[in-house]
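Colleague: Pasting a structure below so you can have a look.
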Amino acid sequence: MLAWASLSVERFWPLLWPAGGIVGLFLILALANLFAYLPEWLHLLSLMGFIAAVVWAVMYSMRQTSMPTRSQAVRHLEQSSGLDHRPLSTLEDHPAVGDEDTKFLWEAHRRWVMKHIDRLKVAWPRLSLAARDPHAIRVLIVLVIVALTVANWSEVPQRLAAAVSPGWAQGNVPASFEAWVTPPAYTGEAPRHLTANTALGQSDDIPVPKGSSLTVRTHGDASA
């Protein structure tokens, strides 16, 4: 049973690709919050498209594999145990001739096989998607997902919820702002980008040259 389970995992592991790649692409778009900028009808249509693509990918992969049989599981156990001449398969065979001499010889052969079978072991499944994804696109997808998760850690739950909620997402674009001070040209100084932590010492005042211009740009919520 363990050999059959190991072989089953090994055979069905490729189901993760390309279905996993489609799910990964959806997560990238969700973490980037791109669904919030789509019209409601296009958001709903894209969700249906992703679901249909995942179903198609799983069915496509299922057609290329099958459940292992008992004989295949036995052979897998022999190979993972390093047994030559298929001794486990021999134990399940029956003599073609049913006379007494053949019966005694066959029983002696079975006893010899039992004595020479080393301790059986089940090998871990060989899990690899290299044949399905030779260009390692899955690695790039994982790296992008990790980067977006780290960059938007506090908003990850909201963005994932918005990605699967057409209509609700369109009214919940997160507010953001950017601000900078541009000194007069005669100073030769570069524009200074302002953040919430831009302060000198304990003072909330930020000294800038006289004649500088302040630019503030908001995105999302009108009350930002």
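The values are calculated or read from the model by the stated rules, or taken from the named source; none is laboratory data. Just so it is clear, the model here is predicted, and its values are computed rather than measured. Positions of Cβ are backbone-derived with ideal geometry, glycine not excepted, and every protein chain shown enters the neighbour counts. Side chains are part of the model used for accessible areas, which takes the heavy atoms of the whole protein and leaves out ligands, DNA and RNA. Shrake-Rupley method; radii C 1.70, N 1.55, O 1.52, S 1.80 Å.
Colleague: Consider the candidate values [x] 1, 7, 13, 16, 17, 16, 13, 9, 5, 3, 1, 0; [y] 1, 5, 8, 9, 9, 8, 8, 8, 7, 6, 5, 5, 4, 4, 3, 2, 2, 1, 1, 1, 1, 0, 0; [z] 1, 6, 11, 13, 13, 12, 10, 8, 7, 6, 5, 3, 2, 2, 1, 0, 0, 0, 0, 0; state which one is P(r) over Cα pairs in 5 Å bins from 0, in percent computed from the structure displayed.
Modeller: [y]
Colleague: Follow-up. Expressed as a whole percent, how much of the Cα-Cα distance distribution for the range 4-79 exceeds 18 Å?
Modeller: Details: 1579 of 2850 pairs.
Here the tail beyond 18 Å accounts for 55 percent of pairs.
Colleague: Run the Debye formula on the Cα coordinates of the range 87-129, all scatterers equal and no solvent, and tell me log10 I(q)/I(0) at q = 0.15, 0.16, 0.22 1/Å.
Modeller: -0.51, -0.55, -0.78
Colleague: Averaging over all projection directions, find the projected area of the Cα convex hull of the range 37-119 and quote it in nm² with one decimal place.
Modeller: Numbers: hull surface 39.7 nm².
Over all viewing directions, the range 37-119 projects a mean Cα-hull area of 9.9 nm².
Colleague: Shifting gears a bit: Show me the ranking of peptides 138-145, 17-24, 210-217 by mean Cβ neighbours inside 10 Å, starting with the highest. Could the numbers behind the result be given before it?
Modeller: Details: 138-145: 14.2, 17-24: 19.4, 210-217: 10.8.
Output ranking for 138-145, 17-24, 210-217: 17-24, 138-145, 210-217.
Colleague: Per residue, what accessible area does the chain have, given a 1.4 Å probe and all protein chains present, in Å²?
Modeller: 70
Colleague: Moving on to the next point. In debye, nearest 20, what is the charge dipole magnitude of the chain about its Cα centre with +1 on Lys and Arg Cβ and -1 on Asp and Glu Cβ, if you could check? Numbers along the way, then the final one.
Modeller: On the way: 18 positive and 18 negative charges, 66 e Å.
The calculation lands at about 320 debye.
Colleague: Compare ARG75, ARG11, ARG192 in a GNM of the chain, Cα atoms joined below 10 Å, and give the one with the largest fluctuation.
Modeller: Greatest mean-square fluctuation among the candidates belongs to ARG192.
Colleague: So, one more: Mind checking which of LEU15, LEU2, THR90 is farthest towards the positive end of the range 1-96's charge dipole, using Cβ charges of +1 (Lys, Arg) and -1 (Asp, Glu) about the Cα centre?
Modeller: LEU15
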